[in-house]
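What follows is one structure encoded as structure tokens, with my remarks underneath.
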Amino acid sequence: MGKTKAGSARKSRGRSPAAASPAAAARSLRGKESTWAGKKPAAPRERPGEPPLPPPEFRRFDLGAQRERWVKFQERQRLTCEEAARLLLDTFEYKGLVKHTGGCHCRAIRFEVWASTDLHIFDCNCSICTKKQNRHFIVPASHFKLLKGADNITTYTFNTHCAQHTFCKTCGVQSFYTPRSNPDGYGIAPHCLDEGTMRSTIVEEINGKEWEKAVKEHKTIRSMSKP
């Protein structure tokens, strides 16, 4: 009886995972975890008669009947998914506009801005605009992109501290700033744009010495920073 029970017990221990040593159990689990972690979901398969599947980055979008056309466009233009999407968005959102580039004198600061070829320039006579001859045109923040020089910009504010007068630490040039009249946009210095994209300018004088009254009575200045 004793031998039979012992034999049964030994056989039971051999069959039961619960009776295995902690180290062996851990090794067993680790092996399974690595197997599970290594498994990848099966890639979607092409169906007979359908166009080839797009690259993985496109599969999150439902391109419908335009799928094959989009993939061929990306391949033909040698564009990544992000580059192709940006090209499409720029064409749609900035219709009728051109991409200007510009920056400060020492070129530590460079930017691009989408705006018309015919620019509406404000010539303000407030105390600071008079001192620095701050002629500028206004664009929405979404139309402006700083390409380089974020760490080379310093900012001066005064009075309400709403306007952010940003300029280059090296050469001192203000090529763009955030106007008090349009804190949701940027004021761009037309004389800091690169040549070749500006066709004409219209200059409008604004009475910055009576700033509140001038901005309140102006019919369009506030809307110029709206997309």
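Note on the range 138-180: no enclosed strands (runs of 3 or more DSSP E) hold 3 or more residues that are free of Cβ contacts under 8 Å to residues at least 40 places away in the same chain and among the acidic types (Asp, Glu).
Yes/no matrix, rows are residues, columns are (1) modelled with pLDDT under 95; (2) within 23 Å of ARG222 (Cα to Cα); (3) of a type in the set (Ser, Thr, Tyr):
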site	(1), (2), (3)
GLY96	yes, yes, no
GLY103	no, no, no
ALA115	no, yes, no
PHE122	no, yes, no
CYS129	yes, yes, no
THR157	yes, yes, yes
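Of note, ARG199 satisfies the criterion of being open to solvent by 50 Å² or more (accessible area, probe 1.4 Å), basic (Lys, Arg), over 21 Å from the mean Cα position of the chain (by Cα) and closer than 27 Å to PHE92 by Cβ. Among the residues that make up the range 187-208, is at least one of them under 16 Å from CYS124 (Cβ atoms), modelled with pLDDT under 95 and in a helix (DSSP H, G or I)? Yes, that holds for at least one residue.
From the list THR91, THR130, the one residue that fits, being in contact with a helix residue (DSSP H, G or I) (Cβ under 9 Å, 6 or more places away or on another chain) and surrounded by fewer than 15 Cβ atoms within 10 Å (Cβ to Cβ), is THR130.
The combined condition, being touching a residue at least 12 places away in the same chain (Cβ under 8 Å) and open to solvent by less than 30 Å² (accessible area, probe 1.4 Å), is not fulfilled by ASN207.
Return a yes/no flag: does the range 91-99 have any residue that is within 28 Å of GLU205 (Cβ to Cβ) and assigned to a loop (DSSP other than H, G, I, E, B). Scanning the range 91-99, I find at least one residue that is within 28 Å of GLU205 (Cβ to Cβ) and assigned to a loop (DSSP other than H, G, I, E, B), so the answer is yes.
The values are calculated or read from the model by the stated rules, or taken from the named source; none is laboratory data. In this text, all values refer to a predicted model and were calculated from it rather than measured experimentally. Neighbour counts run over all protein chains shown; Cβ positions are idealised from the backbone, glycine included. All accessible areas refer to the heavy atoms of the entire protein, side chains included, with ligands and DNA or RNA removed. Shrake-Rupley method; radii C 1.70, N 1.55, O 1.52, S 1.80 Å.
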